[in-house]
Amino acid sequence: MERYPVTSSNVASIGYDEGSETLEVEFVDGSIYQYYGVPQNLYEQMIQASSKGRFLHAYIKNAYPYSRVG
Amino acid sequence: MLSQDPTYLGTVASVSGSSLSVHLVQSVASGLSVIEGRAYKIGQVGSFVRIPQGYQDLFGVVSGVGAKAVPESIKNSVFDTGRWMQVQLVGEAIGGFFERGISQYPNVGDSVHITTESGLVRIYGAHDKGHITIGTLSSAESIPAKVALDELITRHSAVLGSTGSGKSTAIASLLRSITTSESAESSFPSARVLLLDIHGEYSTALNDVASVFSVDPQPGEHKLLIPYWALDTSDFLNFLTGGVDGSRETAFTDKIFDLKVNSHKAYIFAGVDESSITVDTPLPFSLKKLWYELIDFEIATFEGPDRDQPTRQSDGDASKLIPPIYKPHAMGAKGPFINQQAYGIRRQLNLFRSKLVDRRYDFLLHPGPWEPDLDGKSKEDLDSLLAGWLGGQKPITIIDLSGVPSTVLERLVGSILKIVYESLFWSREKSEGGIERPLLVVLEEAHRYLSNDGTSLASETVRKIAKEGRKYGVGAMVISQRPSEIDETILSQCGTFFALRLSNPTDRSRVQGILPDGLTSLLDLLPVLRTGEAIIMGEAAKLPMRCRITLPCKEHQPRSSDPKVSQQWSLPRRKEGYERVVASWRAQRPRAVIRELRIDRKKVTDISNEE
């Protein structure tokens, strides 16, 4: 099976702030959300995940507080 | 021999006014007739019957069936079969052409027939240009329901229905059929629609045909800004100062007038003659300067033998809203003395200042490129504002007002409508004006700003549009779930009604009052209409019709913003931090955060799992 990078269907870009454990996610529609108190290892796992959107939905979205910021 | 004809229903037994009693024949006892391979239910309330009169056919609507429809005189007769039908005459067809109104009455004993699909096509099948298809008839799904666009826009319309009856889907579908009409004889590339979207439901549904303005814009949307200086001064002053009267109001208006004249002198505006400037002429002026000059006059103190030497200690700063400082006045003969000419408007000026610093009003009091500097120079003029609202690339402009505090909603709606109406009114002889390119204003959730006791700017402007908009090419479409709470003048000026499911009795009686007596029975259906089903009546529809509005495809349906309670309540509890809540509240911004973080985001890619 051949595996190659494809553009994610709903996550455009992600970033992480260690000091405040804040994960910032930009979605394909342009909206930006911050997730609070996300441990760094989870962020690293997300980077590795083959589908960012599915990972976010399964492990972060319903588990950590968030706020839309842009 | 008549009973051989499968469409035969019965005979006319009595005629009074436009109402007929029809005695049904035994042969229709089953309640179902099969004609040309299609089954027709007999005696459905709201269905049509045909009464052939030789050269022409009369058409009527069934308004009642059964015991209640028995004529008074034979009510107690033992011979009565109980199979009676009450019919309201509505129109006649000569040849293939249907017309409302009748030229002659049927006679007792005339036969009454079911209207088959081909008959319905005669009634509803408008072939003229300028009709748009919005759905299909409920009684015959192969027949498109059409409304006349001219009457729909110019005579105004109202869409009424309870929550969940499919109002917003109906609107989305209607607007879509106007803007994306494919048929060759009716496409409308110059359509112009302004939609006031109170809940932010439509931006996703219509994104391909609409440009969106929002107080809190998403990517791809424009920021909604309203230059205060284009508004009517007295109403604006009321808002700014909490109400002023008499000489106090004059203090404000005189100053505004001076500032407007100075602005015109400095930057000459086309069409303005200096001698004809009034306080309401839409010319830019600086609110900060207005505030500064008024407060300066109020707090000034004087000294000296003639009490005419100002004691100003520091100049303050108009752009930062810092008032000048004077020596405090003192009692006795030495002074300093207070300004005897002061108007006593310090309370109003304080309120004025607090409005200027309130972020909620930024869209109005600090309208970005339309905010004049202290000299009254505005970077952009009104033309670019109107070009955005009325002359966008796309036929529909959505003004998304979700996220506007309800205290200012009404004023905001009023302001927008006022600017739009005034500009189209005065440009009526230009190709950009309302007559050459008419505008449809869609007013969502109208009961929130067009209330019964309306003396507000919004009510006044919509009332004006309802009364005289027809002449200047501005049509209104009022949408509401509480018709009984809407200003009566406005509702009574609406020529076309789309009544969706309505269960509240007061709301229903409001709608029922609109139809001629004979047909009110049609509206008894209102509480039992299916979702997305509407009774359309009035100017744009030849006859009241019950139709099912075409659903737009899934991604073009308005998003219902109801929280999914059962789904959300079933989630495990997340950690919560109410300091974030307070931060947003204080900032008056849903997307505010406690600390602004600079987070570098990296573009991400997924790994494909397919071969």
_Can you go through B:356, B:365 and tell me which one is crowded, with 18+ Cβ neighbours inside 10 Å and closer than 22 Å to residue B:215 by Cβ?_
B:365
*Out of (1) under 30 Å from residue B:505 (Cβ atoms); (2) modelled with pLDDT of 85 or more; (3) surrounded by fewer than 18 Cβ atoms within 10 Å (Cβ to Cβ); (4) not charged (D, E, K, R), the odd one out for residue B:157 is which?*
(3)
*asked:* If I filter the range A:29-44 down to residues being out of contact with any helix residue (DSSP H, G or I) (no Cβ under 9 Å at 6 or more places or on another chain) and in a loop (DSSP other than H, G, I, E, B), which single residue comes out as nearest to the other protein chains (Cβ to nearest Cβ)?
replied: A:30
*Counting only residues that are within 11 Å of chain A (Cβ to nearest Cβ), surrounded by 10 or more Cβ atoms within 10 Å (Cβ to Cβ) and more than 14 Å from residue A:62 (Cα to Cα), how many does the range B:572-599 have?*
13
*Inside the range B:248-276, can you point out the residues that are aliphatic (A, V, I, L, M) and either buried (at least 17 other Cβ atoms within 10 Å of the Cβ) or more than 36 Å from the chain's Cα centre (by Cα) (or both)?*
B:251, B:256, B:259, B:261, B:266, B:268
*asked:* One residue is enough: does the range B:325-341 have a residue meeting the conditions within 46 Å of the chain's Cα centre (by Cα) and part of a loop (DSSP other than H, G, I, E, B)?
replied: no
*Give the residue, chosen from B:174, B:196, that is closer than 30 Å to residue B:287 by Cα and within 17 Å of the chain's Cα centre (by Cα).*
B:196
*asked:* Give all pairs with beta carbons closer than 8 Å in which a residue from the range A:50-70 that is more than 8 Å from every other protein chain (Cβ to nearest Cβ) meets a residue that is of a type in the set (S, T, N, Q) and exposed (fewer than 15 other Cβ atoms within 10 Å of the Cβ); count only pairs at least 6 apart in sequence or on separate chains.
replied: A:55/A:45; A:59/A:45
_Residue list for the range B:281-315, restricted to those being free of Cβ contacts under 8 Å to residues at least 12 places away in the same chain and not in a strand (DSSP E or B)_ = B:305, B:306, B:308, B:315
_Count of residues meeting criterion [buried (at least 20 other Cβ atoms within 10 Å of the Cβ) and closer than 12 Å to residue B:60 by Cβ] in the range B:93-109_ = 1
_Matching residues, the range B:96-128, being at pLDDT below 80, in contact with a helix residue (DSSP H, G or I) (Cβ under 9 Å, 6 or more places away or on another chain) and in a loop (DSSP other than H, G, I, E, B)_ = B:96
*In the range B:561-571, how many residues are at the interface with chain A (Cβ under 7 Å from one of its Cβ atoms) and surrounded by fewer than 10 Cβ atoms within 10 Å (Cβ to Cβ)?*
0
*residue A:16: assigned to a strand (DSSP E or B), facing chain B (nearest Cβ under 8 Å) and in contact with a helix residue (DSSP H, G or I) (Cβ under 9 Å, 6 or more places away or on another chain), yes or no?*
yes
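The values are calculated or read from the model by the stated rules, or taken from the named source; none is laboratory data. Just so it is clear, the model here is predicted, and its values are computed rather than measured. Every residue, glycine among them, receives a Cβ derived from its backbone with ideal geometry; neighbour counts consider all protein chains shown.
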